[in-house]
Amino acid sequence: MLLGQVVVVTGASRGIGKAIAIAVASAGADVVFTYISNDQAAAEVSSEIEALGRKSLAIKTDAASADGANTVIEQTIAIFGKIDVLVNNAGITRDTLLMRMNESDWDAVIDTNLKGVFLLTKAAIRPMMSAKKGKIITISSVVGLTGNPGQTNYCASKAGVIGFSKSLAKEVGSRGITVNVIAPGYIETDMTEKMTDLQKKAILDMVPLKRGGKPEDIAQTVLFLASSGADYITGETIRVDGGMAM
Ligand code: NAP
């Protein structure tokens, strides 16, 4: 389905990003992915991609770094010659009530989750414009749609990428580039593992499908948005949340 395509995924050493990297490689794409600290996990993802017969390039860089974003796209073009799909996935939480939130909690989340999407998308858009094709997919969250106490910074960043993507969809649609968002609900990864059993139960009580999502549930939606089957979809936000936020 993505045979011969080049896909860039941020934050793919673990969790949802890893599932996306493996899914697009399974569909025939070569994969460039980033991570910030976990060398061993990144090496394992590279091995899994290569075992599928695809090429892999892992780049250790902070999503919030402008130099890092430029390097990712320069290396992608230098080694693979093009970029077909960009998946902005890297994201962090620094949860606390607003009254207790430090400026550093705010900045870390906004810089990684929102500014990081701006930086890498800006770097990727030029080669996509020249090619007159491309697909940009950003991982937001249902709480970017609904809000959530203790997550003013995170929800602002996740709502921000939705507005960013709708605006960009209008800017680049005439160049054959689509820009879409996925809003996951509760997905079982290291990010949600930190929650207490009580918090997990409270969330699952709101999920009509009565289970948490798997990283692969998000990866399948990325595969669809990256495929030619989604060529006429842009500016959309797809919830993948078991019905939690409808
Ligand atoms: P995760 O399990 O915590 O994994 C985070 C990944 O991002 C890791 O590969 C990590 O690399 C990388 N990363 C963290 N900070 C980075 C940075 N500054 N620069 C580059 N890479 C960085 O997270 P996840 O649950 O898979 O979440 C992935 C995305 O889905 C995030 O945007 C998150 O907000 C969103 N999301 C998750 C859920 C959920 O329930 N899990 C729900 C809604 C939305 P290292 O391994 O090197 O640390």
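The values are calculated or read from the model by the stated rules, or taken from the named source; none is laboratory data. Remember, it's a predicted structure, so these values are computed and weren't measured experimentally. Positions of Cβ are backbone-derived with ideal geometry, glycine not excepted, and every protein chain shown enters the neighbour counts. The protein model used for the area step is the full one, side chains on, heavy atoms only, and it has no ligands, DNA or RNA in it. Shrake-Rupley method; radii C 1.70, N 1.55, O 1.52, S 1.80 Å.
At a glance:
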{"item": "From the options Ser165, Ser141, Ser157, residue that is in contact with a helix residue (DSSP H, G or I) (Cβ under 9 Å, 6 or more places away or on another chain), among the small types (Gly, Ala, Ser), part of a loop (DSSP other than H, G, I, E, B) and crowded, with 17+ Cβ neighbours inside 10 Å", "result": "Ser141"}
{"item": "Criterion: of a type outside the set (Asp, Glu) and over 21 Å from Ala230 (Cβ atoms) - qualifying residue of Ile22, Ile59, Ile16, Ile83", "result": "Ile59"}
{"item": "Counted residues, segment 168-188 - those being within 14 Å of the ligand (Cβ to nearest atom) and open to solvent by less than 50 Å² (accessible area, probe 1.4 Å)", "result": "7"}
{"item": "Top-ranked residue of segment 19-42 - restricted to ones that are open to solvent by 30 Å² or more (accessible area, probe 1.4 Å), more than 7 Å from the ligand (Cβ to nearest atom) and in contact with a strand residue (DSSP E or B) (Cβ under 9 Å, 6 or more places away or on another chain), ranked as nearest to Pro215 (Cα to Cα)", "result": "Ile22"}
{"item": "Subset of segment 101-129 [crowded, with 17+ Cβ neighbours inside 10 Å and of a type in the set (S, T, N, Q)]", "result": "Thr112, Asn113, Thr121"}
{"item": "Selection status of Met191, within 12 Å of the ligand (Cβ to nearest atom), over 20 Å from Thr221 (Cβ atoms) and open to solvent by 30 Å² or more (accessible area, probe 1.4 Å)", "result": "no"}
{"item": "Inter-residue pairs, beta-carbon under 9 Å, first of a type in the set (Asp, Glu) and in segment 60-77, second modelled with pLDDT of 95 or more and open to solvent by 50 Å² or more (accessible area, probe 1.4 Å), 6+ apart", "result": "Asp62/Ile36; Asp62/Asp111"}
{"item": "Subset of segment 206-226 (residues that are in a loop (DSSP other than H, G, I, E, B) and either within 14 Å of Ile182 (Cβ to Cβ) or open to solvent by 40 Å² or more (accessible area, probe 1.4 Å) (or both))", "result": "Met206, Pro208, Leu209, Lys210, Arg211, Lys214"}
{"item": "Any hit, segment 130-137, residues being at pLDDT 95 or above, assigned to a strand (DSSP E or B), buried (at least 20 other Cβ atoms within 10 Å of the Cβ) and not aliphatic (A, V, I, L, M)", "result": "yes"}
{"item": "Test: residue in segment 169-181 that is in a loop (DSSP other than H, G, I, E, B), among the aliphatic types (A, V, I, L, M) and out of contact with any Asp or Glu (no Cβ under 9 Å at 6 or more places or on another chain)", "result": "no"}
{"item": "Count of segment 2-18 residues which are on the phi < 0 side of the Ramachandran plot and more than 9 Å from the ligand (Cβ to nearest atom)", "result": "7"}
{"item": "Unique residue being at positive phi and modelled with pLDDT of 95 or more when the list is Gly173, Gly243, Gly212", "result": "Gly243"}
{"item": "Unique residue being hydroxyl-bearing (Ser, Thr, Tyr) and under 19 Å from Met246 (Cα atoms) when the list is Ser141, Ser174", "result": "Ser141"}
{"item": "Complete set of residues in segment 23-42 that are closer than 18 Å to Lys135 by Cβ and assigned to a helix (DSSP H, G or I)", "result": "Ala23, Val24, Ala25, Ser26"}
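Residue-wise test of (1) of a type in the set (Gly, Ala, Ser); (2) crowded, with 17+ Cβ neighbours inside 10 Å; (3) outside any loop (DSSP other than H, G, I, E, B); (4) at pLDDT 95 or above.
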site	(1), (2), (3), (4)
Ala63	yes, yes, no, yes
Ala69	yes, yes, yes, yes
Glu74	no, no, yes, yes
Lys82	no, no, no, yes
Val87	no, yes, yes, yes
Gly91	yes, yes, no, yes
Met99	no, no, yes, yes
